[in-house]
Amino acid sequence: MPVKIETSGEVVTAYLSGELDHHAARGIREDIDAAIERDMPTLLILDFGEITFMDSSGIGLVMGRYRKLQQTGAELHVSNTPPHIYKVMKLAGLEKLAKIEKGGDGRESHQ
């Protein structure tokens, strides 16, 4: 499964894995949006620690979740971002929408 979603209190964390391309983005987007609507988080964390490839669909995924969260005033964080994806996100200006953290070992605390 390309996304595993965990909810802890008012925080929803989506652990993304594999390739994030046009084909995978739709299902991931639907799963995350369902969790947002169900759990109404104050913080959504998109964990990119296990993403091996990302095309422009990944940028769209982040931007779309940001827009969705704007409706409720929730924050968006992108964590464990691999260096090459971090660079693309910075170039795309996503740091203006979300807190973007460079990758670690995938086990960082987000509290």
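The values are calculated or read from the model by the stated rules, or taken from the named source; none is laboratory data. Model, not experiment: these values are computed from the prediction. Cβ placement follows ideal geometry from the backbone for every residue including glycine, while neighbour counts extend to all protein chains displayed. When the accessible area is computed, the model is the full protein with side chains, heavy atoms only, and any ligands, DNA or RNA have been set aside. Shrake-Rupley method; radii C 1.70, N 1.55, O 1.52, S 1.80 Å.
When His23 is tested against (1) crowded, with 17+ Cβ neighbours inside 10 Å; (2) free of Cβ contacts under 8 Å to residues at least 12 places away in the same chain, exactly one condition is not met: (1).
Selection of the range 1-17 for residues being at pLDDT below 95 and either open to solvent by less than 60 Å² (accessible area, probe 1.4 Å) or of a type in the set (Lys, Arg) (or both) yields only Pro2.
Do the conditions hold for Glu30, that is, is it open to solvent by 50 Å² or more (accessible area, probe 1.4 Å), without any contact (Cβ under 8 Å) to a residue 12 or more places away in the chain, not in a loop (DSSP other than H, G, I, E, B) and not polar (S, T, N, Q)? For Glu30, the condition - open to solvent by 50 Å² or more (accessible area, probe 1.4 Å), without any contact (Cβ under 8 Å) to a residue 12 or more places away in the chain, not in a loop (DSSP other than H, G, I, E, B) and not polar (S, T, N, Q) - is met. Looking at the range 49-56, can you tell me whether even one residue there is open to solvent by 10 Å² or more (accessible area, probe 1.4 Å) and part of a helix (DSSP H, G or I)? Checked against the condition, which is being open to solvent by 10 Å² or more (accessible area, probe 1.4 Å) and part of a helix (DSSP H, G or I), the range 49-56 yields at least one hit.
Taking the listed residues Leu76, Leu61, the one that is in contact (Cβ under 8 Å) with a residue 24 or more places away in the chain and in a strand (DSSP E or B) is Leu76, with no other qualifying.
Go through the range 70-84 and give me each residue that's open to solvent by less than 30 Å² (accessible area, probe 1.4 Å) and out of contact with any helix residue (DSSP H, G or I) (no Cβ under 7 Å at 6 or more places or on another chain). Walk me through it before giving the result.
First, pick out the residues of the range 70-84 that are open to solvent by less than 30 Å² (accessible area, probe 1.4 Å): 74, 76, 78-82.
Residues satisfying the conditions are Ala74, Ser79, Asn80, Pro82.
Could we say that Leu46 is open to solvent by less than 30 Å² (accessible area, probe 1.4 Å) and in a strand (DSSP E or B) here? Against the criterion (open to solvent by less than 30 Å² (accessible area, probe 1.4 Å) and in a strand (DSSP E or B)), Leu46 qualifies.
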